[in-house]
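In what follows, a single structure is set out as C-alpha cells and then discussed.
The values are calculated or read from the model by the stated rules, or taken from the named source; none is laboratory data. A quick note: this is a predicted structure, and the numbers were derived from the prediction, not measured. FYI the Cβ positions are ideal-geometry reconstructions off the backbone, even for glycines, and counts take in every protein chain you see.
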Amino acid sequence: MKNAYIKKIQKKTRLFSPMALLFLSICSLTTAWGQTREAQAQPSPKSIILRAARLLDIENGRILKPGEILVEGEKIVAAGTSVNHPSGVEIIDLGDQTLMPGLIDAHIHLFLHPGAEDLQTVQESVPQRTIMATLAARDDLMAGFTAERDMGTEGAGSADTAVRNAINEGLIPGPRLRISGNAINILGGHEDAIGYNPDQHVLPNATYANNADELVAAIRQQIKEGADFIKIYETGADSVRDGKLTTTYQYSLAELNAAVQETARVGKRVAVHATGEPGTLYAAQAGVASIDHANQLSKETMRLMREKGIFAVPTFTIFEYFAEHASSPAQAARERATLEIKIKEFREQLAESVPMAVGSDVGPFPHGTQARELELMVKYGMTPLAALQADLINGAKLLGWEGQIGMLKPGYLADIVAVPGDPLEDIRVVKKVSFVMKNGTVYGGAAYRR
C-alpha cells in the first residue's frame, strides 16, 4: 500500500536521474509551500490570541472553560480562561475546540513508507527517500505532531540531519526533530540484509558495530554527522512459542555500557530497540534513555526503569498494523500472538509504575495517522489523562525539551493544536486535529479561518 505521492515520485524516478528528481521536487515543494514561506518571511504580528471553548491544563489534569492563549513571537506569554488583550492584537477564534499542547511522537521513521522496509533501501535512492521524508514531516506536522524523535533513517545515513536543519531554518514545514542518523546493529542482526544473494552485497538498514570499540567509533561518526542521540538495536529476531516471547540480545551489558558512556561524554543519550529479556535488562542496567517496544520486561528491569526514569515506548500501532496487513494468514496469527503478549505485559508495566512515553513507529504505516497510538494506550489500560501526560510531559523530557514544550505555560514555545471535543473524555479527538501552530507560526487546519 503506497500513498499517491510515493507513486508519483517513483514514476518520476524512472524518468529522471536522482539529481534531476531532487531539483524537480524542490521546485514542487517551493511552489506548494510558497504562501507559507511568504507568511514566515513577513514580520510576525506583535501578538496573537488563540481563543477556544476549552483549554487543556495537562499539568493539573483539567479542562479550563473557555480558553485563551497569548502568543508573542515564538513564545506563550499567558494562558488561562482569559488573558490580557494588548492593543492591536490579532485574535484567532477557533470556536468549539480544545486548545492543547502540540503532540509528541517519540518513535518515528520519516524515511520509511508503507511497503517492504528492506526493499526501500535497495530500490530507492537516498535523494528520493529524503524528498519523501520531507513530505512525511509535513504530514506529521499537519496531524498535530509538533515534536518528534526520528529513530533511524533505515539505510539513508545522516540524511535526517538535512531534514532537521531545513525545518529549523524554515525552509520546509515539519515538527521540531531529534534525530539519530543511521541506527547501529550487529552483523547478521535485526536490521541486516538477510535472505539475499550474498554476492550482491546488499547493504544493511543500519550501521555495523560488532564490539565495544566499533560501537564507540560508530557513535562518534554519527554524532559528527549531526545525530542528537544514538539508536541501537539491542534485540532481534523475535519469536513466540507456546504463548511466550523469545528474543536474542545483540550487545552485552559491557558493550552497552561502553555505548552509553561514550554518548554521555558528549552530553547525549542512547535509545534502544529492545523487545524482551535479557536485552531489555542489559539496556536498563546500562542506563539508556528509553526502551522502545518493550514487549517483555522482567520485574528487575521494571524496577530499574522506575528508579532510573527510563521510559518504555510501547509502539502499539505498528504491531496492530503488521497484524492487519500481514502477507499470509500464518504471519497474521504470529503478529496477533505477539500483540496479545504485548498487551498483557503493558498492563503489568502500568501496575509496576514503569515510566511511559508515546511513540508510534510510524513510517511502515502512513505518516499523519499515528495519533492512533494514544487511542490504543487508553484501550489497553491507561486513562486518557495518563496517556496525554505520557505523551506531552514525558515526551518533552525524553526529547530533551522539558520546560520548553508539552505544556501551555508562560515562557514555553508556542507549539499549540486544537481538537474538537474534550480529550480527557474521549481520547479519539486527538486524531482530528483542526488547528496547528508551531513556534508561533500558524500552519492552518480546518478550524482556522483568516
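Applying the selection to region 66-122, what residues are hydroxyl-bearing (Ser, Thr, Tyr), farther than 30 Å from Phe322 by Cβ and either in contact (Cβ under 8 Å) with a residue 40 or more places away in the chain or not assigned by TED's automatic domain parsing to the domain that holds Ser434 (or both)?
Thr98
Do we find a residue being over 23 Å from Glu402 (Cβ atoms) and assigned to a loop (DSSP other than H, G, I, E, B) anywhere in region 118-131?
Of region 118-131, the ones over 23 Å from Glu402 (Cβ atoms) are 118-131.
Keeping just the survivors that are assigned to a loop (DSSP other than H, G, I, E, B) gives 124-125.
Yes, there is a match, as at least one residue in region 118-131 is over 23 Å from Glu402 (Cβ atoms) and assigned to a loop (DSSP other than H, G, I, E, B).
Can you tell me which residues in region 304-342 are farther than 21 Å from Glu375 by Cβ, of a type in the set (D, E, K, R) and touching a residue at least 24 places away in the same chain (Cβ under 8 Å)?
Arg306, Lys308, Arg334, listed by residue number.
Among what's in region 280-294 and is assigned to a helix (DSSP H, G or I) and either out of contact with any helix residue (DSSP H, G or I) (no Cβ under 9 Å at 6 or more places or on another chain) or of a type in the set (A, V, I, L, M, F, W, C) (or both), pick the residue that is farthest from Val313 (Cα to Cα). Before you say what the answer is, go through the steps one by one.
First, the residues of region 280-294 that are assigned to a helix (DSSP H, G or I): 280-286.
Applying the additional criterion that residues be either out of contact with any helix residue (DSSP H, G or I) (no Cβ under 9 Å at 6 or more places or on another chain) or of a type in the set (A, V, I, L, M, F, W, C) (or both) yields 281, 283-284, 286.
Working: Leu281: 15, Ala283: 14, Ala284: 13, Ala286: 17 Å.
The qualifying residue farthest from Val313 (Cα to Cα) is Ala286.
Assess whether Gly155 counts as being closer than 22 Å to Ala274 by Cα and modelled with pLDDT under 95.
Against the criterion (closer than 22 Å to Ala274 by Cα and modelled with pLDDT under 95), Gly155 qualifies.
Taking the options Pro86, Pro114, name whichever one is outside any helix (DSSP H, G or I), surrounded by fewer than 24 Cβ atoms within 10 Å (Cβ to Cβ) and within 27 Å of the chain's Cα centre (by Cα).
Exactly one of Pro86, Pro114 is outside any helix (DSSP H, G or I), surrounded by fewer than 24 Cβ atoms within 10 Å (Cβ to Cβ) and within 27 Å of the chain's Cα centre (by Cα), namely Pro114.
Assess whether Thr301 counts as being touching a strand residue (DSSP E or B) at 6+ places or on another chain (Cβ under 9 Å), of a type in the set (Ser, Thr, Tyr) and in a helix (DSSP H, G or I). It would help to see each step written out before you state the result.
Working: touching a strand residue (DSSP E or B) at 6+ places or on another chain (Cβ under 9 Å): yes; of a type in the set (Ser, Thr, Tyr): yes; in a helix (DSSP H, G or I): yes.
Yes.
Identify all residues within region 189-204 that are acidic (Asp, Glu) and in contact with a helix residue (DSSP H, G or I) (Cβ under 7 Å, 6 or more places away or on another chain); write none if there are none.
Passing the criteria: none in range.
Considering each residue of region 311-325, count those that are buried (at least 24 other Cβ atoms within 10 Å of the Cβ) and out of contact with any Phe, Trp or Tyr (no Cβ under 9 Å at 6 or more places or on another chain), and give that number.
Total satisfying the criteria: 3.
Scan region 172-189 for residues that are among the aliphatic types (A, V, I, L, M), touching a Phe, Trp or Tyr at 6+ places or on another chain (Cβ under 9 Å) and not in a loop (DSSP other than H, G, I, E, B) and report the count.
Counting residues in region 172-189 that are among the aliphatic types (A, V, I, L, M), touching a Phe, Trp or Tyr at 6+ places or on another chain (Cβ under 9 Å) and not in a loop (DSSP other than H, G, I, E, B) gives 2.
Do we have any residue at all in region 182-202 that's more than 26 Å from Gln123 (Cα to Cα) and either assigned by TED's automatic domain parsing to the domain that holds Gly276 or modelled with pLDDT of 95 or more (or both)?
Our first condition is that a residue be more than 26 Å from Gln123 (Cα to Cα); within region 182-202, this holds for none.
Within region 182-202, not a single residue is more than 26 Å from Gln123 (Cα to Cα) and either assigned by TED's automatic domain parsing to the domain that holds Gly276 or modelled with pLDDT of 95 or more (or both).
Which members of region 312-332 meet the condition of being part of a helix (DSSP H, G or I) and under 23 Å from the mean Cα position of the chain (by Cα)?
Phe316, Thr317, Ile318, Phe319, Glu320, Tyr321, Phe322, Ala323, Glu324
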